[in-house]
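Participant: Dropping a structure here in structure tokens format, bear with me for questions.
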There are 2 protein chains.
Amino acid sequence: MPASAQSSRRPKALKKEQVDLLVTGGTVVTMNARFRVIEDGAIAIRGDKILAIGPSVEIATRYTRARRILARGKLVLPGLINTHGHAPMVLFRGIANDLTLQDWLEKYIFPAEARNVTEEFVIWGTRLAALEMIRGGITTYADMYYFEDAVARETKAAGMRGVLGQTIIDFPVPDAKTPADGLVRAEEFLKRWKGDPLIRPAVAPHAIYTNSKETLQSAAELARRHKAPLLIHVAETKRELDDSLATHGMTPVAYLDSIGLLGPNMLAAHCVWVNDADIALLARNQVGCAHNPSSNMLLASGVAPVPAMLAGGVRLGLGTDGPAGSNNDLDLMEEMDLAAKLQKVSRMDPQALEARQTLAMATIGGARALHMESEIGSLEVGKRADLIVLNLNSPHAVPMYDLYAQIVYSLKSSDVQTVVIGGKVVMHDRRVLTLNEAEIIARAREYRVQVKHSLAAPQK
Amino acid sequence: MPASAQSSRRPKALKKEQVDLLVTGGTVVTMNARFRVIEDGAIAIRGDKILAIGPSVEIATRYTRARRILARGKLVLPGLINTHGHAPMVLFRGIANDLTLQDWLEKYIFPAEARNVTEEFVIWGTRLAALEMIRGGITTYADMYYFEDAVARETKAAGMRGVLGQTIIDFPVPDAKTPADGLVRAEEFLKRWKGDPLIRPAVAPHAIYTNSKETLQSAAELARRHKAPLLIHVAETKRELDDSLATHGMTPVAYLDSIGLLGPNMLAAHCVWVNDADIALLARNQVGCAHNPSSNMLLASGVAPVPAMLAGGVRLGLGTDGPAGSNNDLDLMEEMDLAAKLQKVSRMDPQALEARQTLAMATIGGARALHMESEIGSLEVGKRADLIVLNLNSPHAVPMYDLYAQIVYSLKSSDVQTVVIGGKVVMHDRRVLTLNEAEIIARAREYRVQVKHSLAAPQK
């Protein structure tokens, strides 16, 4: 029987609604409040949002599409959210290792930055970081650095979502001679990016030990005036805690509370040295926290009380931190593995942090930490279409008995096959479509020569 | 000028010695006693051994070859050595997670093994494990399981090097009804594989808590008689320590010493709960130890005193352990990252275990743990030609300031491009030449169905 004869006898197809992109056939791990998992599921995307989600057969009858991603035999997850980092520092990847935070920062990082960080450096660093993050399934990231306007431009060009904070610090830095200069720059930055669909501009006072009370309060006031996020390092090291106790007579969190900084726009990175009262303050003020296991381990900063923070209702996400001796990569698949294992062994309790909770931290938890849970962090109708497709064809991916355990303990960034951000396909079959990979890698190697040379030269 | 005319005026080439394989142009990280690194280095291989090693220009003038691996812009390292695992358990990958060792073993693993482990299961499990290990740069591994003869056949067929122990245990197991049966099987196994260039057969009494003193001593006697390694789990958990103190009035290591088991053929897995006296005993008796950070973290077993063991002269290597809820993969690149970070944070000392020391544990340290340091573990003339080539073309691999930090903290198993074991190219450009990857992955998925079915059925 010829094909035409067969088709002529079919009932006339129902009129289907047109969408821009359909992702079909995969196991959809929604990370919604009920942790719904849809075997052979599909997602219909229009513009930058999820229009429908359900079993493939249902979605197929309702929607036709411009483009399709076939995900049969694969996992479809919300894009991963990296809640803390300093993207351009990839160009300092592993520049100084096996050091304490203080030595690392004061003897290597601050001098290296003073001698090398220009707008051009930030452009190429952001490109390299975006490339690495996209290849590892990260769709949104939070950042604190200098020349943040360049970070924002490059992040948008890469098609990534970013909560990007212009750094404020009480000593001369590459893009500001004084904190007042920094605040002026930050305000310009906030105005320029207001309302962008991908970029949320933010103010980022570095920490309580690098900013005066006045600078911190000015930064917070600026953020409040522009309804912008406030990004800051908090209670990262024992020394920061001890110094705060000595200087202010209270913990870093209590100090930030006392000067009026805690609030539902704050994203506090690290929160390693927090006690029960601090945790209650963070939760009550809806502060978001970024847990960075790799950085906390590599710099020997300590083990954050993750189970207590989760139990206390803190908005807790995962982060990579910068890659310059405090990680040294931008791999949230590895951070998940580390986060769960670190809590288990350090509390001698194999249930201290379970696989599903850990994946939640890397997705919806990260969204909550960024106060963006109504927009991203799970695959739900009306949210932005930020999703990743994970391949299950590698030897380390089979057999699979437990979805969440496989994702957290076995799968790797190299298993991320496709990345969609705001409905746009940013990586397809491991090829990043928005960035020139070969050129970026070549430029990174050139920066190595320049940076090494700058550090060999006598100090100015 | 025609090419022929030009070549006729060249001085006649010196007669070059013929070798089987040349690896040229890479940065050769020898891991020898002086940690020699050769930029643009080369390795000449004849048969299964390294014949020469040096700068490419030198080697090129002395040797011509049947085959060449170009490693320009890449790293050449000794093959990684996985000092502890249970290869066929990959077919139980992640079957039970977030549990203590005791619950995991007694409620899930032992029942799952009783219902599923056959020789056929072991064959396919070993193939899958070998595939994963080769792809991650592991060239030698130590194993303790059942039907070890099948493990040995498949390991040899995969072209890997193995120290493979037939398990002895005081209750009925898939391949032996009694420990006496197990000892008979073990002796046959030792005889069959004696003198094999790739396989070193061993005896593997499971642990002091699963074997009587008599069984342990019989196993040790058997190993001694055949000059074979003795593989055993030692001091893995606090409970094992407490039980040993209660039952024997001494630590597991002291107990093993008291019954005459410690010696230069022992490979003790874990050694988490060892005190200074234990460490001295392990060092004095030249016992090899396998440190398994992922397993110790996931099962919340504890943190092994790695710096003290290294300082005390213990022969210490790294291992993955089995992948069935105690890891869940076979990735020594990740174990290195974990090992260093875990020691740093748990001792609050960023120098507790440095990158170079950690790579040493995964290579020459592993060789010493297996008492094979004269054969493998570093790239030196006369040693077996077991080497891996790491690609540096990924975004996470650039820029590179510190070789060892890059390997341990940034590079991943997916960066392993080529694997040579005993002079044979086992993986070329990420394609494993000795195993049928698609068939193995398909069979692993079939085993998942069978295993899940077996666990759903009522207990016999």
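Readers should treat all values here as calculations from the given coordinates under stated rules, not as data from a laboratory. Small disclaimer: the values here were computed from a predicted structure and weren't measured. Every residue, glycine as well, gets a Cβ built from its backbone with ideal geometry; the counts of neighbours run over all protein chains shown.
Participant: Provide a whole-number value for the mean count of partner chain Cβ atoms within 10 Å of the Cβ atoms in peptide B:435-441.
Facilitator: Numbers: counts 1, 0, 3, 1, 0, 2, 7.
Neighbouring Cβ atoms belonging to other protein chains average 2 per residue here.
Participant: Just round it to a whole percent: the fraction of Cα-Cα distances in the stretch A:80-369 exceeding 31 Å.
Facilitator: On the way: 7570 of 41905 pairs.
In whole percent, the share of Cα-Cα pairs in the stretch A:80-369 beyond 31 Å is 18.
Participant: What ranking do A:147, B:110 get, fewest neighbouring Cβ atoms within 10 angstrom at the top?
Facilitator: Working: A:147 25, B:110 15.
The most exposed by this proxy come first: B:110, A:147.
Participant: What ranking, highest mean first, results for peptides B:124-134, A:41-51, A:119-129, B:77-87 when packing means the other Cβ atoms within 10 Å averaged over each residue? Numbers along the way, then the final one.
Facilitator: Numbers: B:124-134: 28.1, A:41-51: 22.1, A:119-129: 23.9, B:77-87: 29.9.
Descending mean neighbour count gives B:77-87, B:124-134, A:119-129, A:41-51.
Participant: Give me the distance between the Cα centres of the stretch A:93-123 and the stretch B:93-138, rounded to whole Å.
Facilitator: If we compute the Cα centre of each part, the gap is 44 Å.
Participant: Can I ask one more? For residue A:275, go 7 angstrom from Cα along the Cα-to-Cβ vector, then report the distances to that same point in the other copies in nm, smallest first.
Facilitator: 3.3
Participant: Now, a different point. Using the Cα centre of the stretch B:300-394 as the reference point, and only Cβ charges (+1 on K/R, -1 on D/E), how large is the resulting charge dipole? Debye, rounded to the nearest 20. Present the calculation step by step, with values, prior to reporting the outcome.
Facilitator: Numbers: 8 positive and 12 negative charges, 61 e Å.
Dipole about the Cα centre, nearest 20: 300 debye.
Participant: Counting only residues 5 or more places away or on other chains, whose amide H sits under 5 Å from the amide H of residue B:292 once H atoms are built in the peptide plane?
Facilitator: Close amide H contacts, sequence-distant or interchain: B:270, B:319.
Participant: How large is ³J(HN,Hα), in whole Hz, for each residue of the stretch B:381-390 in order, when computed from phi with the Karplus curve 6.51 cos²θ - 1.76 cosθ + 1.60 and θ = phi - 60°, using x for Gly and Pro?
Facilitator: 4, x, 7, 4, 7, 10, 8, 10, 10, 9
Participant: In degrees from 0 to 90, rounded to the nearest 10, what is the angle of the helix A:179-193 Cα long axis to the longest principal axis of chain A?
Facilitator: Between helix and principal axis, roughly 20 degrees.
Participant: Moving on to the next point. For residue A:17, put the label point 7 Å out on the Cα→Cβ axis and report which residues of the stretch A:62-78 keep their amide N under 17 Å from it.
Facilitator: Residues passing the 17 Å test: A:62-67.
Participant: Kindly put A:247, B:30, B:363 in sequence by how many other C-beta atoms sit within 10 Å of each C-beta, fewest to most. Numbers along the way, then the final one.
Facilitator: Details: A:247 11, B:30 21, B:363 30.
The order, fewest Cβ neighbours first, is A:247, B:30, B:363.
Participant: Amide H to amide H under 5 Å from residue B:200: which residues, 5+ apart in sequence or cross-chain, H placed 1.01 Å off N in plane?
Facilitator: Excluding prolines and chain starts, which carry no amide H, the hits are B:162, B:163, B:164.
Participant: Whole Å is fine, so just give me how far the alpha carbon centre of the stretch B:336-353 lies from that of the stretch A:399-423.
Facilitator: After rounding, the separation between the Cα centres reads 27 Å.
Participant: Once you sort the root eigenvalues of the Cα gyration tensor of the stretch B:88-139 as a ≥ b ≥ c, which label holds: rounded (a/c under 1.5), prolate (a/b larger than b/c) or oblate (the other case)?
Facilitator: oblate
Participant: Residues of the stretch B:71-89 with backbone nitrogen within less than 17 Å of a virtual label 7 Å along the Cα-to-Cβ line of residue B:40, please, listed as ranges.
Facilitator: B:71-76
Participant: Can you give me the angle between helix A:437-456 and the longest principal axis of chain A, using Cα atoms only, in degrees from 0 to 90, rounded to the nearest 10?
Facilitator: The answer is roughly 10 degrees.
Participant: Can you put A:148, A:214, A:375 in order, fewest other beta carbons within 10 Å first?
Facilitator: Values: A:148 30, A:214 11, A:375 17.
Fewest-to-most Cβ neighbours within 10 Å comes out as A:214, A:375, A:148.
Participant: Taking the DSSP beta bridges in chain B as the whole, what percent of them are antiparallel, to the nearest 5? Spell out each step's value before the answer.
Facilitator: Numbers: 28 of 67 bridges.
Within chain B, antiparallel bridges account for around 40 percent of the total.
Participant: Further question: Quote the relative contact order of the stretch B:80-369 in percent (integer), defining contacts as alpha-carbon pairs under 8 Å separated by 6+ residues.
Facilitator: Working: 628 pairs, mean separation 60.0, N = 290.
Taking the mean separation of contacting Cα pairs over the length of the stretch B:80-369, I get 21 percent.
Participant: When N is the residue count of the protein assembly as shown, what does its C-alpha Rg come to as a fraction of 2.2 N^0.38 Å? Walk me through the numbers on the way to the answer.
Facilitator: Details: Rg = 28.3 Å, N = 920, 2.2 N^0.38 = 29.4 Å.
Expressed relative to 2.2 N^0.38 Å, the Cα Rg reads 0.96.
Participant: Please average, across the residues of B:61-70, the number of beta carbons from any other chain that are within 10 Å of each residue's own beta carbon, and give a whole number.
Facilitator: Working: counts 0, 0, 0, 0, 0, 0, 0, 0, 0, 0.
Mean shielding count: 0.
Participant: Which whole-angstrom value gives the distance between the alpha carbon centres of the stretch B:186-248 and the stretch A:66-90?
Facilitator: Distance between centres, Cα-based: 46 Å.
Participant: On a 0 to 90° scale, report how tilted helix B:148-158 is relative to the longest principal axis of chain B, with both axes built from alpha carbons and the result rounded to the nearest 10.
Facilitator: In chain B, helix B:148-158 runs at an angle near 20 degrees to the longest axis.
Participant: Ok, one more. Return the sequence-ordered ³J(HN,Hα) values of the stretch A:412-417 in whole Hz as given by the Karplus equation 6.51 cos²θ - 1.76 cosθ + 1.60 applied to θ = phi - 60°, using x for Gly and Pro.
Facilitator: Karplus-based 3J(HN,Hα) across the stretch A:412-417 equals 10, 4, 5, 7, 6, 9 Hz.
Participant: Among bridges DSSP assigns within the protein assembly as shown, what percent are antiparallel (round to 5)? Could the numbers behind the result be given before it?
Facilitator: Numbers: 56 of 134 bridges.
DSSP beta bridges in the protein assembly as shown are roughly 40 percent antiparallel.
Participant: Which ³J(HN,Hα) values in Hz, rounded to whole numbers, follow from the phi angles of the stretch A:261-269 under the Karplus curve 6.51 cos²θ - 1.76 cosθ + 1.60, where θ = phi - 60° and Gly and Pro get x?
Facilitator: Each residue of the stretch A:261-269 in turn: 8, 5, x, x, 10, 8, 10, 9, 7 Hz.
Participant: What are the extents of the Cα atoms of the stretch B:272-431 along their three principal axes, listed from largest to smallest and rounded to whole Å?
Facilitator: 46, 35, 34
Participant: Follow-up question, since we're still on this one. Along the charge dipole of the protein assembly as shown, Cβ charges K/R +1 and D/E -1, which of A:233, B:59, B:137 sits furthest on the positive end?
Facilitator: Positive-most Cα among the choices belongs to B:59.
Participant: Once you compute Rg and the Kirkwood Rh from C-alpha atoms, what is the Rg to Rh ratio for the stretch A:74-196?
Facilitator: 0.99
Participant: What does the C-alpha gyration tensor say about the overall shape of the stretch A:320-411? Classify as rounded when a/c is under 1.5, otherwise prolate if a/b is larger than b/c, or oblate. All intermediate terms of the calculation are to be shown ahead of the outcome.
Facilitator: On the way: a/c = 1.43, a/b = 1.17, b/c = 1.22.
Cα axes put the stretch A:320-411 in the rounded bin.
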